[in-house]
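Reviewing the structure listed below.
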Amino acid sequence: MNVAVLGGGIMGGGIAQISACAGHGVWVLDVTASQLDRTRATIEGSLARLARKETLTLAECQAALSRLRFTTELTDAVQKADTVVEAVPEDLSLKQEIVAEVADEAPAHCLLATNTSQLSITAIGGTLGEDAQRLVGMHFFNPPVIMRLVELIAGLETTAETLERAEAFAHSLGKETVVCLKDVPGFLTTRCSVILRLECMRMLEEGLASAEDIDKALRLGFNHPMGPLELGDLVGLDTFLDSADALAEVHGDRFRAPAVARNLVAAGRFGRKTLRGVYEYDDDGRRLDPSGDSST
């Protein structure tokens with residue numbers, strides 16, 4: 001299968017890597033060559049770590065790299081694609097523009113997938129006409145190389161055949177799937193994760209416990225791999241606040257963000273990417289304990 005991944009960021013690079021490891025030929029598109037260089041380096045580093053851990057053999061890593069192509073030209077990426085996964089930032093107008101261009105440039109049989117955690121699939125495909133039938137939401141999780149789930153979302157015009165093809169593609173990547181049958185903001189997983197993180201933020205604001213203990217409670221008491229506050233720093237508190245505000249508009253005050261979340265964002269404390277969020281980090285992204293030492 002020929003796969004095109006549009007966007008070379010964290011999500012796009014990860015989706016491209018797992019697609020190549022699954023045996024698909026992959027084109028990765030981004031707007032600048034410098035970003036594509038970073039994407040390639042990130043994938044090479046990730047594959048090298050998998051080889052050191054013996055998760056993949058060196059030959060398998062080299063084969064995956066050989067299946068990857070990088071371009072700044074949309075036509076190059078999609079002209080022979082069987083599946084296109086749009087993984088640009090969570091901006092409705094940007095996604096609408098990209099998906100419309102793909103529908104014009106890609107083959108008529110091509111599956112059109114949009115990687116979004118909450119935007120309306122119907123709205124993203126609102127200008128596609130009949131091509132909206134082959135558009136589906138495919139919500140990958142961060143990091144795509146590790147996380148096992150892909151959430152599939154049907155837009156109003158998405159056909160049963162399109163859902164089946166998206167599910168088959170996800171399974172080819174070694175992923176499990178769930179299907180959100182109604183195109184409502186937040187789908188299944190984002191609504192759950194945002195409401196949990198908001199409650200942890202409220203407990204922090206109320207002084208019930210330290211951030212460390214709140215996260216520890218969720219890790220050890222509920223077997224979460226990462227605490228909700230840690231995860232918020234990883235994803236970006238600015239992104240999280242945007243998600244909460246969007247959900248609050250639709251679902252009401254249960255998604256209203258507390259002052260502590262707004263203050264952190266107002267102070268530019270977005271999480272790991274700014275080295276400060278709920279926690280503080282060193283230049284390598286390792287969390288600092290209160291004494292200033294890097295956390296293991």
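For the range 12-26, the tally of residues that are crowded, with 24+ Cβ neighbours inside 10 Å and in contact with a strand residue (DSSP E or B) (Cβ under 6 Å, 6 or more places away or on another chain) stands at 6. Look at (1) surrounded by fewer than 18 Cβ atoms within 10 Å (Cβ to Cβ); (2) at negative phi; (3) of a type outside the set (D, E, K, R) and you find that GLY174 fails only one, number (2). Looking only at the range 243-264, count how many residues are of a type in the set (D, E, K, R) and not in a helix (DSSP H, G or I). The total comes to 1. Could you tell me how many of the residues in the range 118-138 are surrounded by fewer than 23 Cβ atoms within 10 Å (Cβ to Cβ) and in contact with a strand residue (DSSP E or B) (Cβ under 6 Å, 6 or more places away or on another chain)? Within the range 118-138, residues that are surrounded by fewer than 23 Cβ atoms within 10 Å (Cβ to Cβ) and in contact with a strand residue (DSSP E or B) (Cβ under 6 Å, 6 or more places away or on another chain) number 0.
Within the range 7-29, residues that are within 20 Å of THR116 (Cβ to Cβ) sit with their Cβ atoms under 6 Å from residues that are of a type in the set (Asp, Glu), at 6+ positions apart or across chains, in these pairs: GLY8/ASP30.
Would you say ASP245 is more than 12 Å from ARG197 (Cβ to Cβ), without any contact (Cβ under 8 Å) to a residue 24 or more places away in the chain and within 24 Å of the chain's Cα centre (by Cα)? So ASP245 fits the description; yes. Looking at GLU97, GLU73, GLU54, just one residue is farther than 30 Å from THR127 by Cβ and acidic (Asp, Glu), and that residue is GLU54. The residues listed here are LEU92, LEU29, LEU74, LEU36; of these, the one that is closer than 30 Å to ASP131 by Cβ and modelled with pLDDT under 95 is LEU92. Filtered by the rule that a residue be charged (D, E, K, R) and free of Cβ contacts under 8 Å to residues at least 12 places away in the same chain, the range 131-178 gives GLU161, GLU164. If you go through the range 186-242 and pick out every residue that is polar (S, T, N, Q) and in contact (Cβ under 8 Å) with a residue 60 or more places away in the chain, you end up with 3.
Against the numbered list (1) in contact with a helix residue (DSSP H, G or I) (Cβ under 8 Å, 6 or more places away or on another chain); (2) over 27 Å from MET147 (Cα atoms); (3) among the small types (Gly, Ala, Ser), ALA244 comes up short only at (2). Annotation for the range 51-70: at least one member residue is under 29 Å from LEU94 (Cα atoms) and out of contact with any Lys or Arg (no Cβ under 9 Å at 6 or more places or on another chain).
The values are calculated or read from the model by the stated rules, or taken from the named source; none is laboratory data. Note that this is a predicted model, so its numbers are computed, not measured. Because the Cβ atoms are built from the backbone with ideal geometry, glycine has one as well, and the counts that use them run over all protein chains shown.
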